[in-house]
Amino acid sequence: MTTALERPRGASALPGAATRIRTGAVQGSPAVLSIVAMIAIVILAAVIQPGVLSMNGITLMLTAAVPLVLATQAQMIIMAVGDIDLGVGALLGLVTVIAATVLTTSPALGLAMLAGIVVVYALLGFIIQRRGVPSIIITLGMSFVWLGLGLELLPTPGGQTPEWLSAIGQWRPELIPAPLVLIAVATVVAWLIARRSRFGTRLRALGSQPATLEKLGWSLVRTRMAAYAVAAVLLILAGLVMASQTRSGDVNSAGNFALMTIAAVILGGGNFAGGRAFPVGAAFGAITLGLITVLLSLVSLPSSFQSAAQGLIVLAVLAGRVITERFIRS
């Protein structure tokens, strides 16, 4: 008789986790509410300013959402293993600073610094798993480290990104808005990692059934370290995209990204307990949050009220998701 320990390592080796994830996807319909909210926001924006539906209008509306989508996919991977990264915003700011300073003057050193971030993130995963340090505490502490490093490299916003990086931010294809292409690529990559690979099965199992994962012979430490390393790569890409758009560096440029990425993951069907990873839903959640900011700007809402209004809209969508899931379960 074949036992669970003798099954091939991969998706088939974790039937319980796979069943739970499929059930959650069906019950939660993760992307539906985000899509509905996104469509409603686009319609309202088009009524206020019809030009937003043009090629240039869509590009302007979605440009700022590209780094947010990438950062949200990274947060999704962290949350899939049951953790939360509160250092996302500070790290993105540091990456923009590196891109606008060291990467321009000393490309090899700049790439080494970016690679060092990946190593540090893997070490964070090791500490969290082996020492039991809460992810919220260690990532919050690291956010001050990222902030300090960024201020040391570039005390005030400025610098200049390399020409090849600036060219990415200025890329404009003729047939489709560039942000849509970048968002689609980021979502597909995250989907392949989180939903179609053995690694994705392991990271979701780590968040929902760590004991089963360990019984099957997989290292919990290596799995968490790999999850953090992959998340770091996505965050670095998000920071580089942000730097390519502004062509400069600012350590405070993504100060609100930590909470926004968490909200986007939840909007897209994720949860705080771990075990879930919905890249498509996370992308729609991030786009929705990005469009909310655009809509509030179009209605000329004072900046002092925009954060409050954005929070109320997010709470309304989250409440709709909770009500919908309870209705479906009943």
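Here are the numbers:
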| item | result |
| --- | --- |
| Segments classed as helices (runs of 4 or more DSSP H), wholly inside segment 255-330, with at least 3 members that are under 25 Å from L206 (Cα atoms) and modelled with pLDDT of 90 or more | 257-267, 279-298 |
| Test result for N252, surrounded by fewer than 19 Cβ atoms within 10 Å (Cβ to Cβ) and within 25 Å of A184 (Cβ to Cβ) | no |
| Test for M61: is it buried (at least 21 other Cβ atoms within 10 Å of the Cβ), over 14 Å from the mean Cα position of the chain (by Cα) and within 19 Å of A254 (Cβ to Cβ) | yes |
| Unmet requirement for L206, which otherwise passes all of (1) under 20 Å from M260 (Cα atoms); (2) buried (at least 21 other Cβ atoms within 10 Å of the Cβ) | (1) |
| Condition met for A258 (farther than 21 Å from L182 by Cβ and aliphatic (A, V, I, L, M)) | yes |
| Residue within segment 140-149 that is over 21 Å from D83 (Cβ atoms) and assigned to a helix (DSSP H, G or I) present | yes |
| Output for segment 161-179, where each listed residue is outside any helix (DSSP H, G or I) and buried (at least 16 other Cβ atoms within 10 Å of the Cβ) | T161, P162, P177 |
| Pair list, Cβ < 8 Å and 6+ apart or interchain, from segment 174-191 residues that are in contact (Cβ under 8 Å) with a residue 24 or more places away in the chain to residues that are exposed (fewer than 14 other Cβ atoms within 10 Å of the Cβ) and not in a helix (DSSP H, G or I) | A178/W171; A178/R172 |
| Complete set of residues in segment 292-320 that are under 15 Å from S34 (Cβ atoms), free of Cβ contacts under 8 Å to residues at least 24 places away in the same chain and out of contact with any Leu (no Cβ under 9 Å at 6 or more places or on another chain) | L315, A316, A319 |
| Some residue of segment 181-196 being part of a helix (DSSP H, G or I), of a type in the set (K, R) and out of contact with any Asp or Glu (no Cβ under 7 Å at 6 or more places or on another chain) | yes |
| Every pair of residues 6+ apart whose Cβ atoms lie under 6 Å, when the first sits in segment 236-261 and is among the polar types (S, T, N, Q) while the second is in a loop (DSSP other than H, G, I, E, B) and crowded, with 22+ Cβ neighbours inside 10 Å | S248/G159 |
| Qualifying residue in segment 263-281 (condition: surrounded by 23 or more Cβ atoms within 10 Å (Cβ to Cβ) and charged (D, E, K, R)) | yes |
| Test: residue in segment 56-73 that is among the β-branched types (V, I, T) and in contact with a strand residue (DSSP E or B) (Cβ under 8 Å, 6 or more places away or on another chain) | no |
| Residue that is at pLDDT 95 or above and among the hydrophobic types (A, V, I, L, M, F, W, C), where the choices are L124, L175, L180 | L124 |
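Residues checked against (1) buried (at least 21 other Cβ atoms within 10 Å of the Cβ); (2) within 15 Å of T161 (Cα to Cα); (3) hydrophobic (A, V, I, L, M, F, W, C):
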position: S54; (1), (2), (3): no, no, no
position: V81; (1), (2), (3): yes, no, yes
position: G110; (1), (2), (3): no, yes, no
position: V118; (1), (2), (3): no, no, yes
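The values are calculated or read from the model by the stated rules, or taken from the named source; none is laboratory data. Source: prediction; values computed, not measured. In this analysis, Cβ positions are derived from the backbone assuming ideal geometry, glycine residues included, and neighbour counts consider all displayed protein chains.
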